[in-house]
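The values are calculated or read from the model by the stated rules, or taken from the named source; none is laboratory data. The structure displayed is predicted, hence computed values, not measured ones. Note that we place each Cβ from the backbone using ideal geometry, even for glycine, and neighbour counts take in every protein chain shown. Just the protein is used for accessible areas: all its heavy atoms, side chains included, with ligands, DNA and RNA removed. Shrake-Rupley method; radii C 1.70, N 1.55, O 1.52, S 1.80 Å.
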Amino acid sequence: DTGVSQNPRHKITKRGQNVTFRCDPISEHNRLYWYRQTLGQGPEFLTYFQNEAQLEKSRLLSDRFSAERPKGSFSTLEIQRTEQGDSAMYLCASSFGDVGIANYGYTFGSGTRLTVV
Amino acid sequence: GIQVEQSPPDLILQEGANSTLRCNFSDSVNNLQWFHQNPWGQLINLFYIPSGTKQNGRLSATTVATERYSLLYISSSQTTDSGVYFCAVERHAGGTSYGKLTFGQGTILTVHP
């Protein structure tokens, strides 16, 4: 397994455009997370999937943000009508866990750096 | 929500020196992890350590859950240890952990040759 893969690595877009990022988790992991990291800060939780179900969304995730995980495999994060404040590193992570089973194997991807100009 | 504070914010060392990084958290936690973020942005898990002490080579970590802090020790530091070290905690209601992490602001470590 090659770990958690994110594409693209970098994205520069004009304000107002839509962008979509992709995350391919470790194949045996059932949980997938999106985080956002701005310069000088730690990552902030955005949303979480268990298999294909999106079970929690942070208040940071405005209506312009949407995430999907069809068939419980890869995930996409879309930002509509981008704003300069959306510029950040978007990180994806995956793990395995279930009711009564401790989460393990927490692995991050290398991230997608978004710059909105 | 839970607050996570790390200290010091910056640390500069000569190669071979030892260091201790601290993480304080504001409430009881179900899990705690230490991560290293390298200069290319990759976050690498170092330890799962909700309590007790673990060692992995030159690194060790101790979490005192009752006093709400964790320490990361780096011995005989090398230039490749440079980067940002994050503490991240998980606090969940009920019995099910789902892995939502709250991160501290990090400690920026620079090791000079």
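Here are some notes:
- For the set B:Y73, A:Y48, A:Y104, solvent exposure ranked by accessible area (probe 1.4 Å, protein chains only) runs largest to smallest as A:Y104, B:Y73, A:Y48.
- Loop-located trypsin sites (Lys or Arg not before Pro) in the stretch A:15-111 whose Cβ has at most 10 other Cβ within 10 Å (DSSP): A:R59
- When chain A is treated as a Gaussian network with alpha carbon springs shorter than 10 Å, the biggest mean-square fluctuation among A:I26, A:I12, A:I79 belongs to A:I12.
- Loop-located GluC sites (Glu not before Pro) in the stretch A:5-57 whose Cβ has at most 12 other Cβ within 10 Å (DSSP): A:E28
- Simple Cβ-charge dipole of the protein assembly as shown, Lys/Arg +1 and Asp/Glu -1, about Cα centre, in debye nearest 20: 440
- Rg then Dmax, both in Å and based on the Cα atoms of the protein assembly as shown: 17.6, 50.
- Chymotrypsin sites (Phe, Trp or Tyr not before Pro) restricted to the stretch B:26-56 and DSSP loop, no more than 10 other C-beta within 10 Å: B:W40
- Selected from B:A65, B:A88, B:A17 as most flexible by GNM, with chain B as the system and alpha-carbon contacts under 10 Å: B:A17
- Whether the stretch B:63-113 is rounded, prolate or oblate, judged on the alpha carbon gyration tensor where a/c under 1.5 counts as rounded: prolate
- Taking the inverse of the mean reciprocal distance over all distinct Cα pairs, the Kirkwood hydrodynamic radius of chain A comes to 14.3 Å.
- Accessible surface for A:D98 stands near 60 Å², nearest 10, in the context of the full protein assembly shown (1.4 Å probe).
- Using a probe of 1.4 Å on the protein chains alone, the accessible area found for B:S76 is around 60 Å².
- A simple spin-label model places the labels of A:R81 and A:R9 3.4 nm from each other, with each point 7 Å out along Cα-to-Cβ.
- Two-decimal Rg/Rh across chain B, once Rg and the Kirkwood Rh are taken from alpha-carbon atoms: 0.97
- For the stretch A:1-51, the dipole from Cβ point charges (+1 on Lys and Arg, -1 on Asp and Glu) about the Cα centre works out to 400 debye, to the nearest 20.
- Straight-distance crosslink candidates among lysines, where the alpha carbon sits under 16 Å from B:K100 and sequence neighbours closer than 8 are dropped: A:K57
- When chain A is treated as a GNM with alpha-carbon contacts under 10 Å, the residue of A:L91, A:L61, A:L46 showing the greatest mean-square fluctuation is A:L61.
- Where no second cysteine Cβ lies under 4.7 Å, the cysteines concerned in the protein assembly as shown: none
- Segment A:D98-A:T115, length gained on full extension (0.36 nm per residue, minus Cα span): 2.5 nm
- Largest to smallest accessible area among A:E68, A:E78 [probe 1.4 Å]: A:E68, A:E78
- Simple spin-label estimate for B:H112 and B:S51 in nanometres, 7 Å along Cα-Cβ: 4.3
- Set of aspartates and glutamates near A:K71 by C-alpha distance (under 20 Å), chain-local residues within fewer than 8 positions excluded: A:D1, A:D24, A:E28, A:E52, A:E56, A:D98
- D (Stokes-Einstein, µm²/s), Kirkwood Cα radius, the stretch A:64-111, 1.002 mPa s at 20 °C: 164
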